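Heads up, the thing below is written out as structure tokens.
Where a number appears in this text, it was derived from the coordinates with a stated rule and is not lab data. Fair warning: this is a prediction, and the values are worked out from it, not measured in the lab. As a convention, Cβ positions derive from the backbone with ideal geometry for all residues, glycine included, and neighbour counts pool all protein chains shown.
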Amino acid sequence: MLKFFILIIICVTQIECNNCPSGAVKSETNNVCYTFSTKAATFVQAQVSCSEQGGNLVDVDSQKTNMFLIANTAKRNWENFWIGGNATQIYNDDGVMKVWIWEGVRKLMDYNNWGPNEPVNKKGCAAVNATDGTWFVEDCGAEKNYVCSIPMKMDVCDDQWIYFSLTGFCYKVYYHSDWTAAESACLAQGAHLVSVHSKQENDFVQDISRCGINLYDWDKGTIVGLFSNGDISKWSWSDGTPFDYFYWAGPEPNNPGGENCGSIFTDPEDNSAAGYWNNVPCDAPLRNYICKKLPKKVKII
């Protein structure tokens, strides 16, 4: 039982930070990821592309960030590239003022690294010389590579759901149901009955649903998302994922046509060791069941 409680504490407190999307680079100074374009685009096209990725053209907030970008663009042999700086007009009591802002986040520049005699005019967009990191004004219609800034996200499970980092899914144990009602209850939570795709996930499912004593009958097992259409040689998961792992107890599955749903012996039962699978009648109420769903993605501010 101690092992069980330790596992629950670890999983509940483990809110997983996604390091970055594939191909992106994590910032050294804040909770953002940088993506680097694979083809040139105009300033507007670049901003649209960044927006589609869930971010904006990069806003450079310090010399350290500026040099970090230069170090990463040097690997790509870029001559220069777009950042999110854009000249715009603001209105006050004295009339119209032209200022530089970060286009995506719509805030004034509080750091800049303009080169000599830059900005040469108040119209245009900001680009960076990839050799020395200085900025210059460029026609916004010119095509350049660009860097996007995308907020990092956390995987967060709903209250009382347990996160398993190996799969990236959330799990919750419920009690007393048959297979059909359990799947409906999971669907109402935006989930499905649990599918299992590895020995590690099987062990995890067993750990969070065990009762801590030897089971004295098959109906004290835990319902999972396994089902068949009467042919016990062909099984599927209710969430539609591939049936690519199994852990049947011998001589399961058996009783074709009468036991078309699946369960797990979370504790030893008669001659079956814990963790093995059993097929059961779909309308038979079992001790508990497990729902599984993806976590919510929450931006880190």
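Tabulated values for the structure
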| read-out | value |
| --- | --- |
| Spin-label model distance (nm) - residue 96 vs residue 72, 7 Å beyond Cα toward Cβ | 3.6 nm |
| Sparse-neighbour loop sites [chymotrypsin sites (Phe, Trp or Tyr not before Pro); the range 147-231; at most 16 other C-beta within 10 Å; DSSP] | 216 |
| Two-decimal Rg to Rh for the range 65-115 - Kirkwood Rh, Cα set | 1.11 |
| Inter-label distance, nm, simple model (7 Å from Cα along the C-beta direction), residue 211/residue 139 | 7.7 nm |
| Theoretical gain in end-to-end length, residue 174 to residue 273 [0.36 nm per residue, Cα-Cα removed] | 33.4 nm |
| Neighbour-count ranking [beta-carbon atoms within 10 angstrom, fewest first] of 282, 33 | 282, 33 |
| Ranking of 79, 259 by count of other Cβ atoms within 10 Å, fewest first | 79, 259 |
| Cα convex hull of the chain - mean projected area over all directions, nm² | 21.3 nm² |
| Convex hull of Cα atoms in the range 69-161, direction-averaged projection (nm²) | 9.9 nm² |
| Per-residue Cβ neighbour rank within 10 angstrom, fewest leading, 197, 176 | 176, 197 |
| Distance violations [Cα-Cα > 31 Å] among 199/296; 98/153; 39/297; 26/296; 98/296; 199/234 | 98/153; 98/296 |
| Longest site-free stretch - the chain; sites: trypsin sites (Lys or Arg not before Pro), DSSP loop, at most 15 other Cβ within 10 Å | 124-233 |
| Cα-projected label distance for residue 110 with residue 123, points at 7 Å along beta-carbon direction, nm | 3.1 nm |
| For the chain, built as a Gaussian network whose Cα springs stay under 10 Å, the top-fluctuating residue of 181, 127, 191 | 181 |
| All-pairs alpha carbon distance profile, the range 187-293, 10 Å steps from 0, percent | 16, 52, 30, 2 |
